[in-house]
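> The structure is given below, and queries will be raised subsequently.
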Amino acid sequence: MDNEFTLDLSPFPRELKLLLLFTAMGNDPDRADRIKDCLTDIDWNLFLQLARHHRVYPLVYSNLKKVDKELIPVHIMQALYLDYSRNTFQMLHLTAEMEKICRLFDDNHIRTLLLKGPVLTQALYGDLSLRTCKDLDILLPFEDVEKAEQLLIKQGFAPDHEEIRILNDWKWRVHHLSYYNPETKVQVEIHWRLNPDKGSEPDFDEMWSRRSVSTVTNYPIHVLGDEDMFLFLVTHGARHAWFRLRWLADIDRLVRKPLNWEGIFTLLKKYHCQAVGGQALVLVSELLLTPLSEDLKPLYFKKQMYRLAQSAIIFIQDMITLSPVPKHLKIYYRRYLFSLRSLPQKWAFVFSQLYPNNRDLETLPLPKQLYLLYFPLRPFLWCWRRMKQQQHASS
């Protein structure tokens with residue numbers, strides 16, 4: 001095959017390659033032989049670290065149980081079992097809290113769509129114990145954000161970070177607000193957009209019209225339809241450069257479902273997301289051996305999609321996170337994000353940088369009646385901050 005239509009996975013250590021095999025669904029007939037080839041000279045402690053970092057240890061434990069026990073060190077299986085058990089209890093706890101919050105919002109006439117969490121696990125894996133989740137992501141109409149916030153506060157939740165809301169830029173620069181309940185130890189993210197600063201996307205009413213109902217609880221909980229779920233998962237994973245394999249495992253499971261690909265293609269084209277959709281399909285096909293039909297080739301079998309997929313490999317091969325972005329990858333990551341955008345999205349992004357934000361307010365506090373001055377002052381304030389950052393870095 002042409003090198004432009006395959007990924008260079010040579011930087012991957014053997015432990016990561018083995019992890020990929022135990023994360024995949026396993027329909028590949030050569031999988032058993034591949035596993036045997038990878039089982040020699042394995043640093044099992046590194047393997048365990050990778051499974052935890054990529055948040056795929058429930059899947060790994062479930063698949064490792066099917067392998068000859070003599071091939072896997074006892075302490076590794078014990079560690080994975082403990083992780084698996086803790087995650088199962090966590091998911092059951094989150095499911096109960098999710099139902100309470102959805103009931104609360106329903107009782108107060110707030111429509112909600114669950115984005116991830118237990119509903120996604122049940123829909124894609126059919127078993128709550130097979131996916132990890134640290135919080136509940138709830139999408140709702142923007143006009144209900146403050147009402148939902150007050151309801152959560154009355155239930156004992158507190159904002160994780162006080163968002164400065166003096167300027168209106170927060171409504172489109174960020175896409176969610178986060179809350180934590182110290183008593184239940186549950187984190188909830190209230191979303192009014194699927195993605196931050198990403199241009200156009202389906203509005204809530206459009207997604208509501210395509211919604212599905214989850215079977216994870218007896219109480220009806222609304223979730224994104226498959227088309228919107230694909231759009232959300234590929235844009236979310238791409239924005240995070242796929243640094244956790246869990247996100248690719250989700251795509252792998254979703255793609256294997258009977259999907260309305262014509263509807264998905266239309267959605268991706270309408271919202272300029274063909275690039276991230278193609279990138280995701282390349283990654284799951286190459287890394288998790290996900291079978292892709294000929295009908296999908298127009299979306300992913302392009303040099304651009306393979307280049308975008310290759311650009312994410314550096315984030316997958318090393319155990320990094322993007323909160324914060326490692327110093328040596330900051331420029332690379334900014335360029336990576338820019339490369340994902342369509343031409344209209346790139347222009348929109350450039351123009352958005354001219355809009356004042358809260359950092360300008362912190363750099364030069366002005367009285368409210370003079371806020372219009374932030375527009376002509378923004379380039380100078382940006383240069384001032386950059387100069388101060390460089391001085392701080394060199395000191």
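A short reminder: the numbers here are calculations on the coordinates, not readings from a lab. Keep in mind it's a predicted model, so treat the numbers as computed, not measured. Heads up, the Cβs are rebuilt from the backbone with ideal geometry, glycines too, and the neighbour counts pull from every protein chain shown.
> Mind giving me the nanometre distance, one decimal, between the label points for E362 and F89, set 7 Å out from Cα along Cα→Cβ?
Between E362 and F89, the label points sit 3.8 nm apart.
> Classify the range 266-395 as rounded, prolate or oblate from the Cα gyration tensor: take a ≥ b ≥ c as the square roots of its eigenvalues, call it rounded if a/c is under 1.5, otherwise prolate when a/b beats b/c and oblate if not.
Taking the square roots of the gyration eigenvalues as a ≥ b ≥ c, the range 266-395 is oblate.
> So, one more: So if I take the alpha carbon set of the chain, get Rg, then get Rh from the Kirkwood formula, what is the Rg over Rh ratio?
Looking at the chain, the ratio lands at 0.97.
> Using only the Cα atoms of the range 217-272, build the gyration tensor, take square roots of its eigenvalues as a ≥ b ≥ c, and label the shape rounded, prolate or oblate: rounded if a/c is under 1.5, else prolate if a/b is larger than b/c, else oblate. Display every interim value, and only then the final one.
On the way: a/c = 1.64, a/b = 1.10, b/c = 1.49.
Note, shape of the range 217-272 comes out oblate.
> Report relative contact order for the chain in percent, whole number only (criteria: Cα-Cα under 8 Å, sequence separation at least 6).
16
> If one takes the longest principal axis of the Cα atoms in the chain, at what angle in degrees, from 0 to 90 and to the nearest 10, does the Cα axis of helix 14-23 lie?
The answer is roughly 90 degrees.
> State which entries of K17/K297; K17/K66; K36/K66 exceed 22 angstrom in Cα-Cα distance in the structure shown.
Beyond 22 Å between Cα atoms: K17/K297.
> Per residue of the range 304-321, in order, report the coupling 6.51 cos²θ - 1.76 cosθ + 1.60 (Karplus, θ = phi - 60°) as ³J(HN,Hα) in whole Hz, putting x for Gly and Pro.
Once θ is set to phi - 60°, the couplings for the range 304-321 become 4, 5, 5, 5, 5, 5, 4, 5, 8, 4, 4, 7, 7, 6, 10, 7, 10, 10 Hz.
> A follow-up question, please. Report ³J(HN,Hα) in whole Hz for each residue of the range 129-138, in order, from the Karplus equation J = 6.51 cos²θ - 1.76 cosθ + 1.60 where θ = phi - 60°; Gly and Pro get x.
Here the 3J(HN,Hα) series is 7, 9, 9, 8, 7, 9, 8, 10, 9, 10 Hz.
> Taking neighbour Cβ counts within 10 Å as the exposure measure, how do F142, F47 sort from fewest upward?
Fewest-to-most Cβ neighbours within 10 Å comes out as F142, F47.
> Further, regarding this structure: If one takes the longest principal axis of the Cα atoms in the chain, at what angle in degrees, from 0 to 90 and to the nearest 10, does the Cα axis of helix 343-352 lie?
With rounding to tens, the tilt is 40 degrees.
> Which cross-chain or sequence-distant (5 or more) residues have an amide H under 5 Å from the amide H of W242, H modelled 1.01 Å from N in plane?
Excluding prolines and chain starts, which carry no amide H, there are no hits.
> For C383, C38, what's the fewest-to-most ordering of other Cβ within 10 Å of each Cβ?
On the way: C383 10, C38 19.
Fewest to most other Cβ atoms nearby, the residues stand as C383, C38.
> Sequence neighbours fewer than 8 away in the same chain don't count; with that in mind, list the lysines whose C-alpha is under 17 Å from K154.
Result set, ordered by chain and number: K100, K185.
> Based on Cα coordinates alone, diagonalise the gyration tensor for the range 102-224, multiply each eigenvalue by 5, take square roots, and list the semi-axes in whole Å, largest first.
Listed largest to smallest, the semi-axes of the range 102-224 are 23, 18, 14 Å.
> What order do you get for 246-252, 222-228, 357-363, 13-19 when each peptide is scored by the mean count of other beta carbon atoms within 10 Å, highest first?
Most protected by this proxy first, the peptides run 246-252, 222-228, 13-19, 357-363.
> Now a separate question. Distance between Cα centroids, the range 322-337 to the range 129-160: provide it in whole Å.
After rounding, the separation between the Cα centres reads 28 Å.
> Can you give the net charge of the other residues whose Cβ lies under 13 Å from the Cβ of E99, counting K and R as +1 and D and E as -1?
Around E99, the charge tally is -1.
> Spelling out what I want: for every residue of the range 68-79, take phi, set θ = phi - 60°, compute 6.51 cos²θ - 1.76 cosθ + 1.60 (Karplus), and round to whole Hz; glycine and proline get x.
3, 4, 5, 7, 10, x, 4, 5, 6, 5, 5, 5
> Now a separate question. May I ask for the angle, rounded to the nearest 10°, between helix 374-394 and the longest principal axis of the chain, with both axes built from Cα atoms and the value confined to 0 to 90°?
With both axes taken from Cα atoms, the answer is about 50 degrees.
> Simple spin-label model, 7 Å along Cα-to-Cβ: R385 to L372 in nm?
2.4
> Please rank S323, S85, fewest neighbouring Cβ atoms within 10 Å first, as an exposure proxy.
The fewest-first ordering by Cβ neighbours comes to S323, S85.
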